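The values are calculated or read from the model by the stated rules, or taken from the named source; none is laboratory data. Since the structure is predicted, the reported quantities are computational estimates derived from the model, not experimental observations. Using ideal geometry, Cβ is built from the backbone for each residue, glycine included, and neighbour counts are taken over all protein chains shown.
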2 protein chains.
Amino acid sequence: MSELRHNPVTRRWVIVAEERALRPQDLIVPEPEATIPAASCPFCPGNERKTPPEIWCWRDNATPPNSPGWTVRVIPNKYPALRVEGELARRGVGLYDRMAGIGAHEVIIESPDHDAETATLPVDHLEKVLRAYQERLRDLMRDQRLKYILIFKNHGATAGASLAHSHTQLIATSVTPSEVSMEFQSCLEYHQVKERCLYCDILAQELEDGSRIVREDAHFVTHTPYASRFPFEMVLMPRRHAHSFAEASPELLRHLAIHLGDVLRRLKRVLRNPPYNFVLHTSPNTGVTPKRSHYWETIQYDYHWHLEILPRVTRIAGFEWGTGFYINPTPPEIAAAHLRDAREAEGTA
Amino acid sequence: MSELRHNPVTRRWVIVAEERALRPQDLIVPEPEATIPAASCPFCPGNERKTPPEIWCWRDNATPPNSPGWTVRVIPNKYPALRVEGELARRGVGLYDRMAGIGAHEVIIESPDHDAETATLPVDHLEKVLRAYQERLRDLMRDQRLKYILIFKNHGATAGASLAHSHTQLIATSVTPSEVSMEFQSCLEYHQVKERCLYCDILAQELEDGSRIVREDAHFVTHTPYASRFPFEMVLMPRRHAHSFAEASPELLRHLAIHLGDVLRRLKRVLRNPPYNFVLHTSPNTGVTPKRSHYWETIQYDYHWHLEILPRVTRIAGFEWGTGFYINPTPPEIAAAHLRDAREAEGTA
């Protein structure tokens, strides 16, 4: 019998249809071939002039900006959805509301190697990619007009990647996305009642139960959520309560690189390199300077940053778009078992 | 410059990226070939024994149930996500909540013709399809456990249609989908303040403005919403306030068949038969019997039923799934102009 499960954070019900349980081999989506050869790829070394000038770069040597020699490179999106220049210009249009498209839209090129993949980057390299996320996040948080900074990755054309060369996107916006907003509200209300973090409680329950745990180590835990919307959906959380990815220590980022690489390789192994998205959920840019002594006093500290990993292996999205109602054909306990059993793939790019 | 637009009903902000405006020819998604030939299609006449026994049927002649001779046929889904039998069994699982998958999952086969399409069904025929929607809605509303009855269509494999033979799905659930829930809440709060229907006010503003109107006649208006999430997204609303599709008169259903057929053909013409979903949004099954004298007194009468038509022509969905934040590359004013200009395609199947 199928069942309905409720996500206490997003407050969404999901139909988990156990009888129709899809096995990993039923979920594989064929990927279209990459169409741009490395020679003309704007993200490849030697083609730096094809992109806007770089914003941030990791160089282990003394090569000049916008030339080869980099390890990770951050550039503005050539066709940005949002721009930093201008006024917010909030105003009403009859009963509607609008504001100017103020914000930032950047691309983090993860490697000079055209064929590298996030899942198989060496740990040192993935750590530098995560550092780039953090550097850009910290820098943009200084702009008080930017309420939220989204960092997300599209892997594979089906997941929305228009260029095959491995990259992550950053969009900074003057509003907080609705899904993320609901998470903050749930965490705030939960804390008001219980004086505990909702995510910390979820983590404790998942660790005790064990059936949905994919990987745990001293610093991070990845599980398949109880009310997973999609087959093989995963949430990666730091064990220790922390509201913002921007404040993670260099040591924690190194442990994150180890953990994230492993769970992405498990996913790649089980679903044979599926298209996927991952989205970093971190606290909004409220402009409040953290004070240790007031740890729980503002909404942003009730939050617990995490990464959501969303494989794109089912086609049932149109109906879900229209209703916010999801039917998941693979119970998360089955997905977690497959992911736990997956032996490590070869760990090099 | 792109801009952010706010949807007062779903309370979602959308980035409308005017500079990147995609023309219709940039949006065409190639459709994979249908793989099941008519001879073995379970929805074709002569193959009635391949499906569960029919629930409802339109027959213009005296042919027996589950045999050829029907015009529109409603059957239970062979692999239902939800079933009518059993107890709801609501309970907590630690801090999570679950209930049994009680509900209904039905398929409305729109025509005996394997190659018929909703957009090009003759008006008389489409009217019978809409009658089938209404009959099933009315019947299932008698079950007080069912809080919401969703009627939606997937056209094309990309939009989630697993069988090419034209059909609509119905899912009755013991909870109201979150997206629809937010619509009710917005309508209720708006009415509490203004004593007017939010959708009626949107309709009035759209008619006055005109730039987003696709088609209007004496009974229905279709427009592209101000904060459209997707290119060529449309909302079809009755002009006269009405909370429930279940109460629409036979005359209104006939006018709906004329209007809906026309806007679907416009979409087909402009985007060259794109995959799309449509979702009927109607008031929830609160169990309150309508009384004319208390028109505005309960939440359900504040609502205004409508059809959302969602073309599936962009691939930017993964990020949107994770955040509830949308980037729409085609401003709705441009989409509406294309749809208004589209000459009528040939109106027969």
Next item on the list: Run B:His219 past the list (1) within 14 Å of chain A (Cβ to nearest Cβ); (2) touching a strand residue (DSSP E or B) at 6+ places or on another chain (Cβ under 7 Å) and report the number of the one that doesn't hold.
Entry: (1)
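Each row is one residue, and each column tells you yes or no for (1) surrounded by fewer than 20 Cβ atoms within 10 Å (Cβ to Cβ); (2) at pLDDT 85 or above; (3) in contact with a helix residue (DSSP H, G or I) (Cβ under 8 Å, 6 or more places away or on another chain).
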| site | (1), (2), (3) |
| --- | --- |
| A:Ser40 | yes, yes, no |
| A:Thr51 | yes, yes, no |
| A:Gly86 | yes, no, no |
| A:His105 | no, yes, no |
Item checked: Residue that is nearest to B:Ile327 (Cα to Cα), among those in segment A:64-86 that are in contact with a strand residue (DSSP E or B) (Cβ under 7 Å, 6 or more places away or on another chain) and in a loop (DSSP other than H, G, I, E, B) -> A:Ala81
Margin query: What pairs come out if I take residues in segment A:126-145 that are basic (Lys, Arg) and pair them with residues that are in a helix (DSSP H, G or I) whose C-beta lies under 7 Å away, six or more apart or interchain?
Written below: A:Arg131/A:Leu253; A:Arg138/A:Ala246
Margin query: Can you go through A:Gly160, A:Gly210 and tell me which one is at positive phi and facing another protein chain (nearest Cβ under 9 Å)?
Written below: A:Gly160
Notebook entry, point to check: Restricting attention to segment B:169-198, and to residues there that are within 17 Å of the chain's Cα centre (by Cα) and away from chain A (no Cβ under 11 Å), which single residue is farthest from B:Tyr276 (Cα to Cα)?
Noted result: B:Phe184
Item checked: strands (runs of 3 or more DSSP E) fully within segment B:147-235 counting 2 or more residues that are surrounded by 22 or more Cβ atoms within 10 Å (Cβ to Cβ) -> B:148-155, B:167-173, B:220-223
Check: Taking the condition within 18 Å of A:Trp305 (Cα to Cα), of a type outside the set (Val, Ile, Thr) and in contact with a Phe, Trp or Tyr (Cβ under 7 Å, 6 or more places away or on another chain), does A:Cys200 pass?
Finding: no
Item checked: Residue list for segment A:117-145, restricted to those being over 17 Å from the mean Cα position of the chain (by Cα) and within 10 Å of A:Val72 (Cα to Cα) -> A:His125
Check: Do we have any residue at all in segment A:245-262 that's modelled with pLDDT under 95, buried (at least 19 other Cβ atoms within 10 Å of the Cβ), in contact with a Phe, Trp or Tyr (Cβ under 7 Å, 6 or more places away or on another chain) and among the aromatic types (Phe, Trp, Tyr)?
Finding: no
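Here's the yes/no breakdown for (1) at positive phi; (2) free of Cβ contacts under 8 Å to residues at least 40 places away in the same chain; (3) in contact with a His (Cβ under 6 Å, 6 or more places away or on another chain):
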residue: A:Val72; (1), (2), (3): no, no, no
residue: A:Asn77; (1), (2), (3): no, no, yes
residue: A:Gly94; (1), (2), (3): yes, yes, no
residue: A:Met99; (1), (2), (3): no, no, no
residue: A:Ile102; (1), (2), (3): no, no, no
residue: A:Pro112; (1), (2), (3): no, no, no
residue: A:Ala116; (1), (2), (3): no, no, no
residue: A:Thr120; (1), (2), (3): no, no, no
